[in-house]
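Okay, so here's the structure we're looking at.
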Amino acid sequence: MTRRTLPLIAVLLLFSSFVFAQTSEPVTTVFLVRHAERAEEPRQDPPLTEQGVARSQALARLLSTAGIKAIFTSQFARTKLTAEPLANKLSITPTALSLKVSSTNPRQIAEESTKETVDKILSHAGGSVLVVGHSNSIPDVIKMLGGDVAPAIDEKKFDDLFVVTVYSKGKAKVAHLKYGNE
């Protein structure tokens, strides 16, 4: 986490509050990250590496004062372990959502899984939530929230943090930040 990241998040939250005052709908702030570095093991659901554990702790330090009221993960250990330090710090029990793959493309998340995630996010209208997902799930969630940018996430990168400010259903702005454990 760099010293420049915290002021940027503060400005984004302040801007969200200003926009909220200007609209009749509550503004929702969504923080989305890909899980931290996972072990390269042959098993289906590997744990985090030492670097991944350090990154999850950096995420907890970064977002501990962001007003997060709900945390959503997938069913996989790497997302749950990434969210765990922040969840413990905030005394929040994360909600694991079962991601299903598309019947036509096994590398793509099924639309009904993305919709379930978005519905859970929008049920916290006016609040702040964290979503810990995967390189193939986060872009679709951002797009379905109405984000003006649907990023591609590099399979080898774990330092992307997307802040999506949802003004109303289908209308949102996206800020793309980097965070780390340095």
Note to self: Checking the cross-link filter: which aspartates and glutamates have an alpha carbon closer than 15 Å to that of LYS69, excluding same-chain neighbours under 8 positions apart?
What the structure shows: GLU84
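Please label the shape of region 47-182 as rounded, prolate or oblate, based on the square roots a ≥ b ≥ c of the eigenvalues of the alpha-carbon gyration tensor (a/c under 1.5 means rounded; beyond that, a/b larger than b/c means prolate, else oblate).
It is rounded, given that a/c, with a ≥ b ≥ c, falls under 1.5.
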Checklist line | Local net charge near ALA172, Cβ-Cβ under 11 Å (Lys/Arg +1, Asp/Glu -1) | finding: +3
Check: SER64's amide H: which non-local residues (gap 5+, or another chain) put their own amide H closer than 5 Å, with H modeled 1.01 Å from N in plane and none for Pro or chain starts?
Finding: none
Check: Sequence-distant or interchain residues sharing an amide H contact under 5 Å with ARG38, placed H: which?
Finding: THR49
Checklist line | FRET efficiency, ALA175 to VAL101 (Cβ-Cβ, R0 22 Å, nearest 0.05) | finding: 0.15
Item checked: Partners for LYS115 among aspartates and glutamates (Cα-Cα distance below 15 Å; same-chain residues under 8 apart left out) -> ASP140
Next item on the list: In whole Hz, with x marking every Gly and Pro, tabulate ³J(HN,Hα) for region 114-121 from phi via Karplus 6.51 cos²θ - 1.76 cosθ + 1.60, θ = phi - 60°.
Entry: 5, 5, 4, 4, 5, 4, 5, 4
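Every number here is computed from the coordinates shown, using simple stated rules; none is lab data. Note that this is a predicted model, so its numbers are computed, not measured. No Cβ is skipped: glycine too gets one built from the backbone with ideal geometry, and neighbour counts run over all protein chains shown.
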